[in-house]
2 protein chains.
Amino acid sequence: MSEGVVLSKPGVPSPAINETHQRILESAVRLFADRGFYGTGIRELAASAGLSTASLYHYMGTKERLLFQIMHDALQRLVLAASIIEAQSDDVRVRLDRLVRMHVVTHALSRDASNVVDNQVGALDPVDRLVIVEQRDAYERFWAHAIRDGVDAGYFHVPDQSSARMAILEMSSGVARWYSAGGKYSVDEIADIHVDLAASLLHGGGTRFDRPQTEPHLDIHELVESIWAIRLPERASSPGTKAAQAKRVPR
Amino acid sequence: MSEGVVLSKPGVPSPAINETHQRILESAVRLFADRGFYGTGIRELAASAGLSTASLYHYMGTKERLLFQIMHDALQRLVLAASIIEAQSDDVRVRLDRLVRMHVVTHALSRDASNVVDNQVGALDPVDRLVIVEQRDAYERFWAHAIRDGVDAGYFHVPDQSSARMAILEMSSGVARWYSAGGKYSVDEIADIHVDLAASLLHGGGTRFDRPQTEPHLDIHELVESIWAIRLPERASSPGTKAAQAKRVPR
DNA sequence: CGAATACAATCGATCGAACGATCGGACTCT
DNA sequence: AGAGTCCGATCGTTCGATCGATTGTATTCG
């Protein structure tokens, strides 16, 4: 169960050129998420990364460039993950399950970066903003196509596809607003719950996900770990922990 | 069909002490929503309201106080609306329908204020933030109780009540992020769609809202208009325009 | 080999601009 | 006369950004 169908090395390399740069990026993500772009001064930024403001400029170019790098990198990973999921999920119900799971897991674990992407677009200068918005649109297209295909195949029934897409994305992104590591549920349980909620939303009163068991294996944990170069907490059992299973609606 | 069961004058009086103050509040809401609290300077604020920075201070106290007034007022209206809905909706399915409708309509029409409430809490000083967070919690409690009552009555089936509440609130608040007046759907159609989506989400694969027709009348248009002191665009037919009706899932 | 060279990394000091906020005084209206 | 409303001028602070200079560390040259 360990070896997935993931390509050899799909990970996005970090944009950092060395360890100091990496430290700056990490500090900036945290501060931008906490206080916002305009609420974060370059002196805070420098102090948080442990160097002078002059040294900071050696790496970041300008403060606005730093924000752009952070958002561009975060979105690039999301797009890559979505494209791999699309390529390796034949059944559209499975595809959507995986999109939701990936989105929720990354929004919980890469909380700060997700919040920066979601809330700080307005702080970008107009040219950079265009690039970022196009990336975000590209990501949303994977969702739009999944929903469209599911409706065409007769699996999904929604009052309006765009609204359904926005609803699922908003509720899944919302996880980054309220999730905290010590909470009632683990990341995987929250992902399970949101897969359930999305399924209900898309079935509009019909039957729930009856997942075909013949799908080739693609482990979302492995995918996220390789693309984000992070280590996820072990999940208790698979798929779905006992707690999440118990909460599930009997059909 | 015009006279609802609404109390005589439930409206929240505007916190503005005169027309100039009102202009300041409106400018501030727009600017804070567009550029954020820290991204808005008092000189922009003054220029946008058509006076000097010195005069600005005559009304707003401090910039932070101005933000607090805006958020407090917006949340007060939401809480009042929710309490009236709770008091006048016997059936829990109707109660949730109305909560969603009210929330979506106000987030579309009072877009800027909603975005300020949703995104600028972090800019408040710790004392003010406590007050605002308590108001927001009070508002969410109406939703929590509605969902709990619906589950207890056997109408709703969700994997987790808190997650379901956050999901519905996030997707409904999301309207304030992407709604624009010239879009494909009218405000009422968007509200209809979200009532549908919330219903699907809460029924978890069961049957949809079969609304009891015996409920005493409470018109959400009237409610919102009186509490927010605004005039909503006329809705084409009632309930639900043709466009929204056509999109609806046949059962 | 050791000296010379090149370049990345760092910082103290400082720039002009914009920031939030305040003052005293000048206009209205009663 | 007195309260309410407005503003020009200006306060001290912080902002994002840049400068010249110094260090550390390879690489090249004689």
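The values are calculated or read from the model by the stated rules, or taken from the named source; none is laboratory data. Remember, it's a predicted structure, so these values are computed and weren't measured experimentally. Counting neighbours? That spans all protein chains shown, and the Cβs are built from the backbone with ideal geometry, glycine included.
Among the conditions (1) at pLDDT 95 or above; (2) touching a helix residue (DSSP H, G or I) at 6+ places or on another chain (Cβ under 7 Å); (3) buried (at least 16 other Cβ atoms within 10 Å of the Cβ), A:Val94 misses just one, which is (2). Here B:Thr40 qualifies as of a type in the set (Ser, Thr, Tyr), at pLDDT 95 or above and either surrounded by 21 or more Cβ atoms within 10 Å (Cβ to Cβ) or within 24 Å of the chain's Cα centre (by Cα) (or both). Scanning the stretch A:17-37 for any residue that is within 18 Å of the chain's Cα centre (by Cα) and more than 16 Å from DNA strand D (Cβ to nearest atom) turns up at least one such residue.
Yes or no: the stretch A:50-63 includes at least one residue that is near DNA strand D (Cβ under 8 Å from one of its atoms), modelled with pLDDT of 95 or more, among the charged types (D, E, K, R) and surrounded by 14 or more Cβ atoms within 10 Å (Cβ to Cβ). Checked the stretch A:50-63: at least one residue is near DNA strand D (Cβ under 8 Å from one of its atoms), modelled with pLDDT of 95 or more, among the charged types (D, E, K, R) and surrounded by 14 or more Cβ atoms within 10 Å (Cβ to Cβ). Say whether the condition of being in a helix (DSSP H, G or I), within 14 Å of chain B (Cβ to nearest Cβ) and within 16 Å of DNA strand D (Cβ to nearest atom) is met by at least one residue in the stretch A:109-119. The answer is yes; a qualifying residue exists. Does A:Ala167 count as more than 8 Å from chain B (Cβ to nearest Cβ) and touching a residue at least 24 places away in the same chain (Cβ under 8 Å)? No, not satisfied. From the list B:Leu31, B:Leu66, B:Leu75, the one residue that fits, being within 9 Å of DNA strand C (Cβ to nearest atom), part of a helix (DSSP H, G or I) and modelled with pLDDT of 95 or more, is B:Leu66.
Could you please let me know if B:Leu25 is surrounded by fewer than 22 Cβ atoms within 10 Å (Cβ to Cβ) and either in the same structural domain as B:Ile168 (by TED's automatic domain parsing) or not in a helix (DSSP H, G or I) (or both)? When the stated conditions are applied, B:Leu25 does not pass them.
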